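Q: Below is one structure. I have some questions about it.
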């Protein structure tokens, strides 16, 4: 026991705790303000109310159906959009004619702010899962296509010549040269796509609040009912899931790209 | 003598005539490349027109190009388009000013001071991973749905990229540059003005460019969600009237403004980069 308390002590000393000052101070201030009724409790509820709501929600069926539905749409859209993005990015990357034909249109369409597509998508395809997944795919598509294109373009001429000397077929060229060489860039694109897909998932649920279930729908209904603890909890859940996606993306990238060795 | 110089002159004058075929060829090739880029949009436009003439889709779903064109001029004549766009641009300007200012302040603080970094960065790192749209319901409770909400939500989107690239710009300043400053015994202010600012400027500006593009993204979202003016509202309005032509115009105008913003900011960024190159 003595050893363990010693290691705990060391652990406490070695970590930099200064980062906690801000959030802890914020919560303490918030608690004090609520306790002495300095703020309107309807507008700014006490922290324990949020914890209470969180506890209730964690056992509520609606909450998990909502999260499940959101995650399902998010991951379907991410998968479809990324696959389409890699395909289009590769075509644009290694075919000059494809590049000349479509790059100007692609670059112009890229500048259309993502959410501007939603009114058109919803009036053409309705408010169901399909329409939302299409929208999320679009969000994931652009960063992946763009980065795959750049990755394919960054391949050196010498590498291509080696492949030609070996008499690679087109398929071998893609599998053995272009995909591995472009992989680091593609991962950058996929990471961005994860962020944008989650943004699109939540955004589409907030904008199409009256249709379907999802985390965003729960939050926006909380706003309509002026249930501030629920909104805060929902926001935290959205943020934590987003952070979790970022963490996973970073881990996968580190695992997949071990062969690159330590790069500066 | 005179004839010789005159001959030389005429030779110079007609030199471009000799080069003309190759000039024309390179022009034609370039023109050809540009033209292939226009080919695809033209095909889409033709299909669109064809779809209208053959009645493949009802007009409420797919308005003909001519109607979109006509509505575009009607909206300009009535001032609906310009006034809404102006409102949106003002929102962007305020948010870039506020969000960019906050981002610069945080970025400089955590870039220059190790202590500020230790206190602020962990919180910033977590908060910055929350999607911007997730904040909006909470902001609506505190700020209502007026102008304050829009400016706050859009500013939030600007803060993160500006802070991150300001911080990185300062952190990535080569040690050698700072050491030169030490040799010259620069004061803190001189160090900031003559070493840190110029060296970090390209990175800071790239952050501002990203911030503006993020602002444009959140602006459209907020205006679609809760607004009574602005380019996003124009689309909601068109959608409610079942006038898809207005929605189309909204998308096209949003795309055009995006292209212009991107072009201008890239131009300025490139200028900053060339300045930097010539300095070394």
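The values are calculated or read from the model by the stated rules, or taken from the named source; none is laboratory data. Everything numeric in this text was worked out from a predicted model, so none of it was measured. We place every Cβ from the backbone using ideal geometry, glycine too, and count neighbours over all the protein chains shown.
Q: What's the number of the condition residue B:97 fails, among (1) farther than 30 Å from residue B:51 by Cβ; (2) without any contact (Cβ under 8 Å) to a residue 24 or more places away in the chain; (3) more than 19 Å from the chain's Cα centre (by Cα)?
A: With respect to (1) farther than 30 Å from residue B:51 by Cβ; (2) without any contact (Cβ under 8 Å) to a residue 24 or more places away in the chain; (3) more than 19 Å from the chain's Cα centre (by Cα), residue B:97 is out only on (3).
Q: Find the residue count for region B:52-73, including only residues that are loosely packed, with under 15 Cβ neighbours inside 10 Å and out of contact with any helix residue (DSSP H, G or I) (no Cβ under 7 Å at 6 or more places or on another chain).
A: 10
Q: What single numbered condition from (1) in a helix (DSSP H, G or I); (2) within 21 Å of residue B:127 (Cα to Cα); (3) over 25 Å from the mean Cα position of the chain (by Cα) fails to hold for residue A:32?
A: Answer for residue A:32: the failing condition is (2).
Q: Could you list all residues from region A:164-193 that are within 14 Å of chain B (Cβ to nearest Cβ) and surrounded by 22 or more Cβ atoms within 10 Å (Cβ to Cβ)?
A: A:193
Q: Do you know which residues across region B:216-267 are within 17 Å of the chain's Cα centre (by Cα) and more than 10 Å from chain A (Cβ to nearest Cβ)?
A: Listed by number, the residues that qualify are B:264, B:265, B:266, B:267.
Q: Next up: Need the failing condition index for residue B:203 against (1) closer than 30 Å to residue A:19 by Cβ; (2) within 14 Å of chain A (Cβ to nearest Cβ), just the number.
A: Every condition holds for residue B:203 apart from (2).
Q: Looking at A:203, A:222, which one is assigned to a helix (DSSP H, G or I) and modelled with pLDDT of 90 or more?
A: Just one listed residue meets the conditions, A:203.
Q: Which one of B:253, B:264, B:247 is under 30 Å from residue B:198 (Cα atoms) and modelled with pLDDT of 90 or more?
A: B:264
Q: Within region A:34-57, does at least one residue satisfy the condition of being closer than 30 Å to residue A:131 by Cβ and touching a residue at least 12 places away in the same chain (Cβ under 8 Å)?
A: Yes.
Q: Which of the numbered conditions does residue B:46 fail, given that it passes all the others? Conditions: (1) touching a helix residue (DSSP H, G or I) at 6+ places or on another chain (Cβ under 9 Å); (2) in a helix (DSSP H, G or I).
A: Condition not satisfied by residue B:46: (1).
Q: Given the criteria free of Cβ contacts under 8 Å to residues at least 60 places away in the same chain, surrounded by 16 or more Cβ atoms within 10 Å (Cβ to Cβ) and assigned to a helix (DSSP H, G or I), does residue B:195 qualify?
A: When the stated conditions are applied, residue B:195 passes them.
Q: Of the residues A:224, A:205, which single one is over 18 Å from residue B:131 (Cα atoms) and at the interface with another protein chain (Cβ under 10 Å from one of its Cβ atoms)?
A: Sole residue among the options that is over 18 Å from residue B:131 (Cα atoms) and at the interface with another protein chain (Cβ under 10 Å from one of its Cβ atoms): A:224.
Q: Still on this structure, I have one more. Mind telling me which of the residues A:121, A:136 ends up being touching a residue at least 60 places away in the same chain (Cβ under 8 Å) and within 14 Å of another protein chain (Cβ to nearest Cβ)?
A: Sole residue among the options that is touching a residue at least 60 places away in the same chain (Cβ under 8 Å) and within 14 Å of another protein chain (Cβ to nearest Cβ): A:136.
Q: Test each condition in (1) in a helix (DSSP H, G or I); (2) closer than 30 Å to residue B:246 by Cα for residue B:162 and report the one that comes out false.
A: In the conditions (1) in a helix (DSSP H, G or I); (2) closer than 30 Å to residue B:246 by Cα, residue B:162 misses (2) alone.
Q: Of these, B:234, B:219, B:178, which one is touching a helix residue (DSSP H, G or I) at 6+ places or on another chain (Cβ under 7 Å), surrounded by fewer than 21 Cβ atoms within 10 Å (Cβ to Cβ), part of a helix (DSSP H, G or I) and in the same structural domain as residue B:265 (by TED's automatic domain parsing)?
A: Testing whether each residue is touching a helix residue (DSSP H, G or I) at 6+ places or on another chain (Cβ under 7 Å), surrounded by fewer than 21 Cβ atoms within 10 Å (Cβ to Cβ), part of a helix (DSSP H, G or I) and in the same structural domain as residue B:265 (by TED's automatic domain parsing) leaves just B:178.
Q: Can you list the helices (runs of 4 or more DSSP H) found entirely within region B:49-156 that contain at least 3 residues being within 14 Å of another protein chain (Cβ to nearest Cβ)?
A: Result: B:80-112, B:114-128, B:132-143.
Q: Taking residue A:221 as meeting all but one of (1) surrounded by fewer than 20 Cβ atoms within 10 Å (Cβ to Cβ); (2) touching a residue at least 40 places away in the same chain (Cβ under 8 Å), write down the number of the exception.
A: (2)
Q: Could we say that residue B:29 is surrounded by 13 or more Cβ atoms within 10 Å (Cβ to Cβ), within 14 Å of another protein chain (Cβ to nearest Cβ) and either part of a helix (DSSP H, G or I) or in contact (Cβ under 8 Å) with a residue 60 or more places away in the chain (or both) here?
A: For residue B:29, the condition - surrounded by 13 or more Cβ atoms within 10 Å (Cβ to Cβ), within 14 Å of another protein chain (Cβ to nearest Cβ) and either part of a helix (DSSP H, G or I) or in contact (Cβ under 8 Å) with a residue 60 or more places away in the chain (or both) - is not met.
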